[in-house]
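K.L.:
Pasting a structure here, questions to come.
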Protein chains: 2
Amino acid sequence: MAPPKSRVTIKDVASAAGVSPTTVSDIVNVKGRVDPETRARVLKVVADLGWRPLRSARGLRTGRRGIIALCLPRRPRSGDSWVLTSDYDMRLTIGAVSAAMDQGQLLLMAPTPANDEDVARLEVDGVVLVDPEEGDLSRLALRRNGMPVVTVDRELGSDDPWWVGVDNKAAVSNMLDHLLDQGAQRVAMLTADSPWAWFEDTQAAYASWCAKHGFEKLTALVDRANPESTAAEASTVMLSSDTPPDAVITDVYGAALGVLRAARDLGLRVPQDLMIGSAVDGHVLETASPPITALDLQPMDVARAAVLLLERRINGDDNPAPVIVGEGYLRIRTSTQRTSAVRS
Amino acid sequence: MAPPKSRVTIKDVASAAGVSPTTVSDIVNVKGRVDPETRARVLKVVADLGWRPLRSARGLRTGRRGIIALCLPRRPRSGDSWVLTSDYDMRLTIGAVSAAMDQGQLLLMAPTPANDEDVARLEVDGVVLVDPEEGDLSRLALRRNGMPVVTVDRELGSDDPWWVGVDNKAAVSNMLDHLLDQGAQRVAMLTADSPWAWFEDTQAAYASWCAKHGFEKLTALVDRANPESTAAEASTVMLSSDTPPDAVITDVYGAALGVLRAARDLGLRVPQDLMIGSAVDGHVLETASPPITALDLQPMDVARAAVLLLERRINGDDNPAPVIVGEGYLRIRTSTQRTSAVRS
């Protein structure tokens, strides 16, 4: 496609969408209240016509650079790359890029800043910080430097309302209910001892669910830097005990593959003898044999909502509340389809 | 993980890797000749220790900002988002983010600039421009503004050597040879009429291959903005003719699904009656029923090589040559596994 020959203006957009230029401006700047249908129609016209707000106009009015940053943590399994090629981080990135561009913003991808110098390097209007840990030093450095921040998932022990996520507890409860439907009577959990809200929420959901159904809790820890082999070891111990679980869930990415390996080594059939569920989805689970049931934590929705919430914060919104985009989607695959496996 | 408490220095990296600080500096700045094993070892230490070159030191010496941009074209199917959620663009993005961060650079994600104002907004050291079209106006605008550019795939009709890609012709020939192995005797191609090197290369590879094997060329065009339905229409016409093809390949993302639909509607079995291959891979092809054979065009390798080539250009390398990262990988799936389908 050739780029448009002459610059599309806000009037062209307003006229094509049947609204006033002010409405277009409000929508693009995430100001005021606009009917969702109108908003969707206007954004479609913005995209169709390829219109983006003039930076100079925005800059003069708002003092903004027109750039926001997405800071990804260095994941423990990322090896010699800064970015783990997990589906979650990939989709988070793509969702943020897409949302930023829809808003007429550029997106700067950066590692989570470690100190004031790193923060100074972020010449942006605001930052989406992914998975802050308890007492997060990056967030403190950003705050010291007056940088507007929105986090993906909340920070443990913080009451900062500027965060976006899914309802982790509801998501995990839904997966546990599904296991119960499929006949599970003793569900174990493999989790990690890490200062993230994610692990607190998943462990709390598991504990409540066990209490509600009168099940004994059966928990083991895996090493997030080495999830597959440590999960295989922990599962082997559990599954060789006198009272083995008939289902195992895990909230650590990659650990489900270790559970699967342990089951295979012990001659257990999945899902007939053992059901397996992962609270984090990824391509490796989809292509495992059998494919493993997992929670889609809606990373693209989360990233988009985080970019929009950051826009609100940058624009001076003083009425913040966390944005929960959903309860995740349970992707039911063979590893927990005991009913149909028995039938077939 | 807590960010490191005290700043890691280049001496720490050099000492841990058993090389001199100069070698570390050369590797990070992509200067001089370094043994690949040493390079890999040093980059691993850089990542393990979380070291990044001080921006001030770099800036003082080189006048650099420490930021490069990845400019993605607006794809015809991207609807109301700037970024198509195709696996190719996603992996290209992730590869570029990862490579930039490994180099101590930040990565700015931006739509392909349409004019000088867009270019002025790119306050970066250089740009990776994806899929330039013939006489690309974005590239002209970047050149007018003195911006160092590397493109992903070459620009049609340009002899600019600063580009990175896979060997498109070899990749397509490999797929055609595989079809021949599986007994294809009449292979059709669905392609698009667009000013990109990609389509020129795939069409040339198909023409040479047909000539070499004495096959008649059988080509139809599909609409890149609407590939599935236009491919279904074109396939229906071809497959209903007196001399129908027994295999169809396409170089348009998404078109293979239309071929599959047409085959199903005509009661043809895939792969027994018709084999289908896509020259662009994606998740929808993997999960199609049956899964469709496709070329993995190595987007992460291409993006990484583009970032490294851009570093060389920014650093004043005056001996450029295109970088071909490979011939792609043929992902053989059920849609072309006629031999095993017959056996089973």
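The values are calculated or read from the model by the stated rules, or taken from the named source; none is laboratory data. The structure presented is a predicted model; accordingly, all values stated were derived computationally and were not measured. Heads up, the Cβs are rebuilt from the backbone with ideal geometry, glycines too, and the neighbour counts pull from every protein chain shown.
K.L.:
Going residue by residue through segment A:180-194, is there one that turns out to be of a type in the set (Asp, Glu), more than 10 Å from chain B (Cβ to nearest Cβ) and under 30 Å from A:THR236 (Cα atoms)?
P.N.:
Among the residues of segment A:180-194, at least one is of a type in the set (Asp, Glu), more than 10 Å from chain B (Cβ to nearest Cβ) and under 30 Å from A:THR236 (Cα atoms), which makes the answer yes.
K.L.:
Does A:GLU155 meet the test of being charged (D, E, K, R) and in contact (Cβ under 8 Å) with a residue 40 or more places away in the chain? Quick ask: steps written out before the conclusion?
P.N.:
Working: charged (D, E, K, R): yes; in contact (Cβ under 8 Å) with a residue 40 or more places away in the chain: yes.
Taking the combined requirement at face value, the residue satisfies it.
K.L.:
Moving on. Is at least one residue of segment B:253-264 of a type in the set (Gly, Ala, Ser) and farther than 21 Å from B:ASP89 by Cβ? Please lay out each step first, then the result.
P.N.:
Our first condition is that a residue be of a type in the set (Gly, Ala, Ser); within segment B:253-264, this holds for B:254-256, B:258, B:262-263.
If we keep only those that are farther than 21 Å from B:ASP89 by Cβ as well, we get B:262-263.
Within segment B:253-264, one or more residues are of a type in the set (Gly, Ala, Ser) and farther than 21 Å from B:ASP89 by Cβ.
K.L.:
Give the residues of segment B:131-148 that are polar (S, T, N, Q) and either under 21 Å from the mean Cα position of the chain (by Cα) or more than 14 Å from B:ALA114 (Cα to Cα) (or both), sorted by residue number. Outline the logic, then answer.
P.N.:
Going residue by residue through segment B:131-148, those that are polar (S, T, N, Q) are B:138, B:145.
Residue satisfying the conditions is B:SER138 alone.
K.L.:
Just a yes or no: is a residue in segment A:316-326 part of a loop (DSSP other than H, G, I, E, B) and surrounded by 23 or more Cβ atoms within 10 Å (Cβ to Cβ)?
P.N.:
Of all residues in segment A:316-326, those part of a loop (DSSP other than H, G, I, E, B) come to A:316-322, A:325-326.
Remaining after also requiring surrounded by 23 or more Cβ atoms within 10 Å (Cβ to Cβ): none.
No - not one qualifying residue is present in segment A:316-326.
K.L.:
Return yes or no: is B:VAL325 of a type in the set (Val, Ile, Thr) and at pLDDT 95 or above? Lay out the reasoning, then the answer.
P.N.:
Numbers: of a type in the set (Val, Ile, Thr): yes; at pLDDT 95 or above: yes.
Yes.
K.L.:
For segment B:160-180, how many residues are among the acidic types (Asp, Glu) and in contact (Cβ under 8 Å) with a residue 60 or more places away in the chain? Steps first, please.
P.N.:
Here is the first cut: in segment B:160-180, the ones among the acidic types (Asp, Glu) are B:160, B:167, B:177.
Next, from what is left, pick out any that are in contact (Cβ under 8 Å) with a residue 60 or more places away in the chain: B:167.
Total satisfying the criteria: 1.
K.L.:
When you go through A:THR219, A:THR202 one by one, which is the residue that is of a type in the set (S, T, N, Q) and within 18 Å of A:ALA263 (Cα to Cα)? If you could, list the steps in order and put the result at the bottom.
P.N.:
Numbers: A:THR202 fails: within 18 Å of A:ALA263 (Cα to Cα).
Answer to the check: A:THR219.
K.L.:
Within segment A:285-301, how many residues turn out to be surrounded by fewer than 17 Cβ atoms within 10 Å (Cβ to Cβ) and at pLDDT below 95?
P.N.:
The total comes to 3.
K.L.:
Something else about it: Give me a count of the residues in segment A:50-78 that are at pLDDT 75 or above and either of a type in the set (Gly, Ala, Ser) or out of contact with any Gly (no Cβ under 7 Å at 6 or more places or on another chain) (or both). I'd like the intermediate steps shown before the answer.
P.N.:
Of the residues in segment A:50-78, the ones at pLDDT 75 or above are A:64-73.
Add one more test, that the residue is either of a type in the set (Gly, Ala, Ser) or out of contact with any Gly (no Cβ under 7 Å at 6 or more places or on another chain) (or both), and what stays is A:64-67, A:69-73.
Residues meeting the conditions: 9.
K.L.:
With closer than 21 Å to A:PRO73 by Cα and either in contact (Cβ under 8 Å) with a residue 24 or more places away in the chain or touching a His at 6+ places or on another chain (Cβ under 9 Å) (or both) as the only criterion, which of A:ARG224, A:ARG261, A:ARG186 stands out? Can you show your working first?
P.N.:
Values: A:ARG261 fails: closer than 21 Å to A:PRO73 by Cα; A:ARG186 fails: closer than 21 Å to A:PRO73 by Cα.
Step by step, each of A:ARG224, A:ARG261, A:ARG186 is checked, and only A:ARG224 is closer than 21 Å to A:PRO73 by Cα and either in contact (Cβ under 8 Å) with a residue 24 or more places away in the chain or touching a His at 6+ places or on another chain (Cβ under 9 Å) (or both).
K.L.:
Right, next: Scan segment B:149-196 residue by residue and report those that are of a type in the set (Lys, Arg), within 18 Å of the chain's Cα centre (by Cα) and modelled with pLDDT of 95 or more.
P.N.:
Here is the first cut: in segment B:149-196, the ones of a type in the set (Lys, Arg) are B:154, B:169, B:186.
Checking the rest, the ones that are also within 18 Å of the chain's Cα centre (by Cα) come to B:154, B:169.
Within segment B:149-196, B:LYS169 is the sole residue that qualifies.
K.L.:
Out of all the residues in segment B:80-92, which are more than 7 Å from chain A (Cβ to nearest Cβ) and either in contact with a strand residue (DSSP E or B) (Cβ under 8 Å, 6 or more places away or on another chain) or modelled with pLDDT under 80 (or both)?
P.N.:
In the first step, residues of segment B:80-92 are kept if they are more than 7 Å from chain A (Cβ to nearest Cβ); the result is B:84, B:86-89, B:91-92.
Those that are more than 7 Å from chain A (Cβ to nearest Cβ) and either in contact with a strand residue (DSSP E or B) (Cβ under 8 Å, 6 or more places away or on another chain) or modelled with pLDDT under 80 (or both): B:LEU84, B:SER86, B:ASP87, B:ASP89, B:LEU92.
K.L.:
Tally the residues that are under 17 Å from A:VAL149 (Cβ atoms) and of a type in the set (A, V, I, L, M), restricting the search to segment A:274-333.
P.N.:
Qualifying residue count for the region: 11.
K.L.:
Which count do you get for residues in segment B:262-308 that are of a type in the set (S, T, N, Q), within 14 Å of chain A (Cβ to nearest Cβ) and within 15 Å of the chain's Cα centre (by Cα)? Give the steps one after another, and end with the answer.
P.N.:
Taking segment B:262-308 and keeping what is of a type in the set (S, T, N, Q), we get B:272, B:278, B:287, B:289, B:293, B:298.
If we keep only those that are within 14 Å of chain A (Cβ to nearest Cβ) as well, we get B:287, B:298.
Next, from what is left, pick out any that are within 15 Å of the chain's Cα centre (by Cα): B:298.
Number satisfying all stated conditions: 1.
K.L.:
Is it the case that segment A:93-107 has a residue that's over 18 Å from A:ASP301 (Cα atoms) and either facing chain B (nearest Cβ under 7 Å) or at pLDDT 90 or above (or both)?
P.N.:
Within segment A:93-107 (the criterion being over 18 Å from A:ASP301 (Cα atoms) and either facing chain B (nearest Cβ under 7 Å) or at pLDDT 90 or above (or both)), the answer is yes, since at least one residue qualifies.
K.L.:
Considering only segment A:229-241, how many residues are closer than 18 Å to A:SER86 by Cβ and buried (at least 20 other Cβ atoms within 10 Å of the Cβ)?
P.N.:
Within segment A:229-241, the subset closer than 18 Å to A:SER86 by Cβ is A:229-231.
Those left that are additionally buried (at least 20 other Cβ atoms within 10 Å of the Cβ): A:230-231.
The qualifying residues number 2.
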